[in-house]
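The values are calculated or read from the model by the stated rules, or taken from the named source; none is laboratory data. Since we're looking at a predicted model, the values are computed, not measured. Note: ideal-geometry Cβ built from the backbone for every residue, glycine included; neighbour counts use all protein chains shown.
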Amino acid sequence: MSAELGSSVLLDATLEHLRALVSFDTRNPPREIGTGGIFDYLREHLSDFDVRVNDHGAGAVTLCAVRGKPKYLFNVHLDTVPDSPHWTRDPHVLEVTEDRAIGLGACDIKGAAAALVAVANATKGDMALLLSTDEEANDPRCIAAFLKEGHRYDAVIVAEPTRGEAVLAHRGIHSVQMRFAGQAGHASGEQRPSDSALHQTVRWGAAALDYVDRQAHERFGGLTGLRFNIGRVEGGIKANMIAPTADVRFGFRPLPSMNPDHLLETFRTLVEPQPVSYTELFRGDSLPAGDTATAESRRLAARDIADELGIPVGNAVNFWTEAALFSAGGYISFVYGPGDIAQAHTADEWVALDQLQKYAETIYEIVNRGSA
């Protein structure tokens with residue numbers, strides 16, 4: 001940290017911006033986010049940047065701000081989850097205590113955005129920011145549009161709560177909706193395996209859980225096994241009627257070394273009769289993207305950059321981030337931000353002040369170093 005800029009000054013500026021960013025309602029859903037509001041504030045406080053704001057519809061808005069010719073792109077999402085009824089205070093009014101800042105999005109991840117704005121105003125170094133509002137929607141329009149533009153950066157550093165460590169690898173995430181079809185009838189008679197859609201569903205569920213158990217030996221970067229969850233089952237009419245249809249919603253989180261298309265086909269064909277419809281609703285690739293050799297090469301490249309920038313490298317994580325989208329788009333990408341994922345999406349969400357300060361100081365050093 002430069003002697004001319006005390007760390008407390010940088011933290012104070014970060015908290016000032018965080019207070020403003022938290023005050024803007026960017027809950028997603030309901031995805032009622034436009035190009036004004038929080039983006040007017042950011043335009044005002046990034047006045048010496050080349051700023052472009054694009055509306056991709058359905059509450060998906062990006063702000064791309066560039067000053068000079070930076071090597072790295074810092075990405076942060078500004079949308080938040082809805083506040084739960086268990087909040088004990090106004091979620092859009094930041095409260096700062098001795099050791100934490102409390103407010104909706106303070107941890108996930110407006111704290112990082114505030115620090116980036118504070119750094120942007122504390123230095124004249126080359127810097128690039130991509131701020132977006134659709135991360136919580138499972139509808140990644142913002143990053144997809146950015147990738148089509150063909151920008152060049154040595155790496156993309158995506159802010160999510162990682163307790164101030166560089167996360168080089170995480171699981172993918174896939175969500176599937178499927179339907180089994182049977183034939184309605186009286187439940188007193190002898191049934192074939194194909195008669196009841198709910199019986200098919202139960203058989204499929206048992207087979208799926210057994211399959212997942214057999215993947216427990218698989219490993220990548222400290223992560224083990226395949227994460228899997230049956231989230232919703234609907235079907236049937238009453239106890240004495242054979243169920244004609246059953247709908248199932250399930251998700252799985254593969255390791256970077258696992259082939260998601262193979263897993264999708266495996267789950268589809270686990271039992272006979274197979275589902276009559278089978279739709280992947282959301283796909284988020286693992287970080288790093290690519291086959292095993294490519295993923296490992298990208299992980300090592302990300303580690304080298306994190307080491308060069310003085311960011312401590314942490315363990316791989318189970319949650320998904322948009323860093324995987326940048327990796328799939330050909331960038332070296334890793335995740336780095338203040339806060340603990342355990343606080344994200346919780347009532348009275350908070351970020352520790354010491355982590356917020358350390359993040360701001362590290363970004364300040366990176367930007368200053370690049371312009372030295």
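Below are the figures for this structure:
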quantity	calculated
Those helices (runs of 4 or more DSSP H) lying entirely in segment 224-331 with at least 1 residues modelled with pLDDT of 95 or more, in contact with a strand residue (DSSP E or B) (Cβ under 7 Å, 6 or more places away or on another chain) and more than 30 Å from ASP108 (Cα to Cα)	260-268
LEU209 being surrounded by 15 or more Cβ atoms within 10 Å (Cβ to Cβ), in contact with a strand residue (DSSP E or B) (Cβ under 9 Å, 6 or more places away or on another chain) and assigned by TED's automatic domain parsing to the domain that holds ARG268	no
Selection count, segment 179-204, where residues are surrounded by fewer than 18 Cβ atoms within 10 Å (Cβ to Cβ), assigned to a helix (DSSP H, G or I) and in contact (Cβ under 8 Å) with a residue 40 or more places away in the chain	1
Filter result (at pLDDT 95 or above, over 24 Å from PRO91 (Cα atoms) and not β-branched (Val, Ile, Thr)) within segment 332-372	SER333, PHE334, TYR336, LYS358, GLU361, TYR364, GLU365
Residues within segment 25-46 that are under 16 Å from ALA360 (Cβ atoms) and at pLDDT below 95, tallied	0
Qualifying residue in segment 218-231 (condition: in contact (Cβ under 8 Å) with a residue 24 or more places away in the chain and farther than 30 Å from PHE334 by Cβ)	yes
Check on THR346, in a helix (DSSP H, G or I), surrounded by fewer than 17 Cβ atoms within 10 Å (Cβ to Cβ) and either touching a residue at least 24 places away in the same chain (Cβ under 8 Å) or assigned by TED's automatic domain parsing to the domain that holds LEU18 (or both)	no
In segment 1-24, residue nearest to VAL367 (Cα to Cα) [restricted to those that are surrounded by fewer than 16 Cβ atoms within 10 Å (Cβ to Cβ) and either polar (S, T, N, Q) or at pLDDT 95 or above (or both)]	SER2
Subset of segment 136-159 [in contact with an Asp or Glu (Cβ under 7 Å, 6 or more places away or on another chain) and modelled with pLDDT of 95 or more]	CYS142, ILE143, VAL158
Hits in segment 240-299 (condition: among the basic types (Lys, Arg) and touching a residue at least 60 places away in the same chain (Cβ under 8 Å))	ARG249, ARG253, ARG268, ARG283, ARG299
Which listed residue, of ARG67, ARG52, is of a type outside the set (A, V, I, L, M), surrounded by fewer than 21 Cβ atoms within 10 Å (Cβ to Cβ) and in contact with a Cys (Cβ under 6 Å, 6 or more places away or on another chain)	ARG52
